[in-house]
Every structure is written in structure tokens, then in C-alpha cells.
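Just so it is clear, none of the values below were taken in a lab; they were calculated from the coordinates. These figures come from a predicted structure and were not determined experimentally. Quick reminder, even Gly has a Cβ in these numbers, built from the backbone with ideal geometry, and neighbours come from all protein chains shown.
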């Protein structure tokens, strides 16, 4: 994901406080007992806490810059059982077979075509042990709100950097409903003590998926859906849910 090359360090600080899903994955890790594979692991936001909990975790990402941030965090605690690899979810292969595979926080939405989605699911299927567990966490599209994504630039948040500088993050989004695409631009303005501004941009597209579209893709790829949740507290998915969290099991049959 070269789109993240210029913002990897900023992304790590921006999303450092997003922890709602980590306990959810820990609970699944206790049940499946590891080892764990996280694809599109980014800066290690999920992988590192799981490894610190004692689970053997392999993190894979296609962005060298994001992996470099994760590796520096790992270097601060090198004893944790974490291995990081540069690779693409659509064609990565390993001799290890995993009990749990994770694609967290909308990352699967970077797969923009059905071919990409099925290739990614094929990789996940091959990487899992028989009856291994797959979790995919997706944004739940709101058909009422999507037409309002017109590309307006909005201030999303303000946060400090460790060196004392301030960051203002702006976001612009516009939707192509026919293609099920949200085009996103992150704009990070770094403001120093003299009020000088340095901007770092990242632009990318994400394809949203509907609940039964996800189920159909998983069935084609050889997975059996065990549960679909609307949040990390395991509340049932419904039309008001902000997320589609799918827990599926590897099966032998492909449709």
C-alpha cells in the first residue's frame, strides 16, 4: 500500500488510541490458541498487543513504511513472539498454518475487485489450519449517508506528536455508489512552534461490501460463516450497526 508511504508515522500516532477491537481479538485468540496471522497489519496496532499477551503472531503488510514503524515498536520489546513480513494478501504464502487469521478495521476494503477479494480469501484459506478461524472487520455502509459524500474537506481531529508539534487531520470522502467505492484523502498538517505548516497527504479508494455479498464471497472461497456481529461487544449485526464483523471457519467445501 504505497498510498500510506508518506504518512506511516503519522498514521501510527493517529490510530494509537484505537483499542476497542484488541480485547475482541484477544478473546478469539484464547479460544483458538494461536498461532495468529494478521494480514494488512500496518503499524502493528493489533499484532503487537496480541504478541505482548503471549500469542505467536505473524504480521504481513504490503507497505514497507508501515512495517518499519511496526518493526521499531517491536525492537523496543524484542522478546515478544512477533514476526513481520512484507507481502501482498493476494499472493502471500507460508509453510506455517494458523489457527486464527485477522483482517482488521476495514483493511479488506482495499481489495477493489472481486478477483482481488477472492485471491485474498484464497490466501487466507490456504494459510489456516483445518477449521481455522477467520475474522474480517468491515465498515457497514449506510445507504442514507453515502450520497452525502461529496468530497468536502472536514477537520477530523487535532493531536500532538511526541516532539511537541501539533497535527491537524483533515479528511475528504466522496462515494461512487454504482461502483461501491469510497475515495478518501487524509491530509495531515504538521504545525510547529512557529506556526509553519507541513502537509502530508494520502489518497486511496475503498470498496464497501454488503452483508450477503461478504457471505457469498466467503462461501465461494471455502469458508463457513459462524457469526456476524455489529460491534466488538458481540451485539448482533443489524441495519443500525456501524460495523460488519464476520467470524468464519475454514471448511473443505468450495462453491
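In deg cm²/dmol and to the nearest 500, what is the mean residue ellipticity at 222 nm of the chain if only DSSP H runs of at least 4 residues count, each as -39500 (n - 2.57), divided by the residue total?
-7000 deg cm²/dmol
Taking every DSSP beta bridge with both residues inside the chain, roughly what % is antiparallel (nearest 5)?
Numbers: 44 of 61 bridges.
Antiparallel bridges make up about 70 percent of those DSSP assigns within the chain.
Determine how many Å³ per residue the convex hull of the Cα atoms of the chain encloses. Mind dumping the intermediate values first?
Details: hull volume 31.3 nm³, N = 255.
Given the Cα convex hull of the chain, per-residue volume reads 123 Å³.
Taking Cα atoms of the stretch 190-236, Rg/Rh with Kirkwood Rh, to two decimals?
With Rg and the Kirkwood Rh in hand, the quotient comes to 1.35.
Which value results for Rg/Rh of the stretch 44-184 when Rg is the Cα radius of gyration and Rh the Kirkwood radius based on the inverse mean 1/r?
Here Rg/Rh amounts to 1.01.
Between residue 93 and residue 168, how high is the FRET efficiency from 1/(1 + (r/R0)^6) when r is the Cβ-Cβ distance and R₀ = 41 Å? Nearest 0.05.
Efficiency, rounded to the nearest 0.05: 0.50.
In percent, how large is the relative contact order of the chain, given Cα pairs closer than 8 Å and 6 or more residues apart?
Values: 533 pairs, mean separation 42.8, N = 255.
Result for the chain is 17 percent.
For 197, 177, what's the fewest-to-most ordering of other Cβ within 10 Å of each Cβ?
197, 177
Using the count of nearby Cβ atoms within 10 Å as a rough guide to exposure, how do 204, 15, 39 rank from fewest to most?
The fewest-first ordering by Cβ neighbours comes to 15, 204, 39.
Take every Cα-Cα distance within the stretch 2-115, group them into 5 Å bins from 0 onward, and report for each bin the whole-number percent of pairs it holds.
Whole-percent P(r) values from 0 Å outward: 2, 12, 23, 26, 22, 11, 4, 1.
Taking the number of other C-beta atoms within 10 Å as the exposure measure, put 157, 250 in order starting with the fewest.
Placing the least packed residue first, the sequence is 157, 250.
Give me P(r) over the stretch 146-207, computed from all C-alpha to C-alpha distances, binned every 5 Å, as integer percentages.
Histogram of Cα-Cα distances, whole percents per bin: 4, 18, 23, 19, 14, 10, 7, 4, 1, 0.
Taking the simple approach of a point 7 Å from Cα along Cα-to-Cβ for both residue 146 and residue 210, what is their distance in nm?
0.8 nm
Just grab the label-to-label distance for residue 116 and residue 224, each label 7 Å out from Cα along the Cβ direction, in nm (one decimal).
About 3.1 nm, to one decimal.
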